[in-house]
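Quick notes on the structure that follows.
Each value in this text was obtained by applying a stated rule to the coordinates, not by laboratory testing. As the structure is a prediction and not an experimental result, all values here were calculated from the model. Note that we place each Cβ from the backbone using ideal geometry, even for glycine, and neighbour counts take in every protein chain shown.
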Amino acid sequence: MLKESYVAKLKTLPKDAMKIAVGYPSAFSPSETLLREFNEIKSKLMKKGINEPDARKRAWQQTDFEKRYRKEIGSKPDVIDKLKEIKKLAEKKDVVLYCNCGKKPCHRFVLIDMINHLDK
């Protein structure tokens, strides 16, 4: 089964689960450009007094993060092949995609959606 988590929870995950890092830097992470734009907007919003969850959501929207991230990943055939491998593995055992983000929105949820919609 395909699951998600984040770094702070790694020790709480089942020992037999396959854990795959999808945070920066990895083949699955957002580009430096997209990540930088997202973090800059989030930081500016937080400096204006907006709480982190709301700043995160607004930065996600303002950068058109999901659309751009899907396009980035979709343009990398080698990464798509790895996603297909993950899908096959998840049919046999627990596979956990994890990164540093503790909260939604996060690219790991987009990856799970992409994997779930892949052909084998």
So for segment 78-90 (the condition being surrounded by fewer than 18 Cβ atoms within 10 Å (Cβ to Cβ), over 11 Å from the mean Cα position of the chain (by Cα) and assigned to a loop (DSSP other than H, G, I, E, B)), does at least one residue qualify? no
Restricting attention to segment 11-35, which residues are more than 15 Å from GLU72 (Cα to Cα) and either of a type in the set (D, E, K, R) or without any contact (Cβ under 8 Å) to a residue 60 or more places away in the chain (or both)? LYS11, THR12, LYS15, ASP16, LYS19
Condition check: in a loop (DSSP other than H, G, I, E, B) and without any contact (Cβ under 8 Å) to a residue 40 or more places away in the chain. Does ILE41 satisfy that? no
Checking ASP119 against (1) surrounded by 12 or more Cβ atoms within 10 Å (Cβ to Cβ); (2) within 19 Å of LYS3 (Cα to Cα), which test does it fail? (1)
Residue hits (segment 91-120; assigned to a loop (DSSP other than H, G, I, E, B) and of a type outside the set (A, V, I, L, M, F, W, C)) are GLU91, LYS92, LYS93, ASP94, ASN100, GLY102, LYS103, LYS104, PRO105, HIS117, ASP119, LYS120
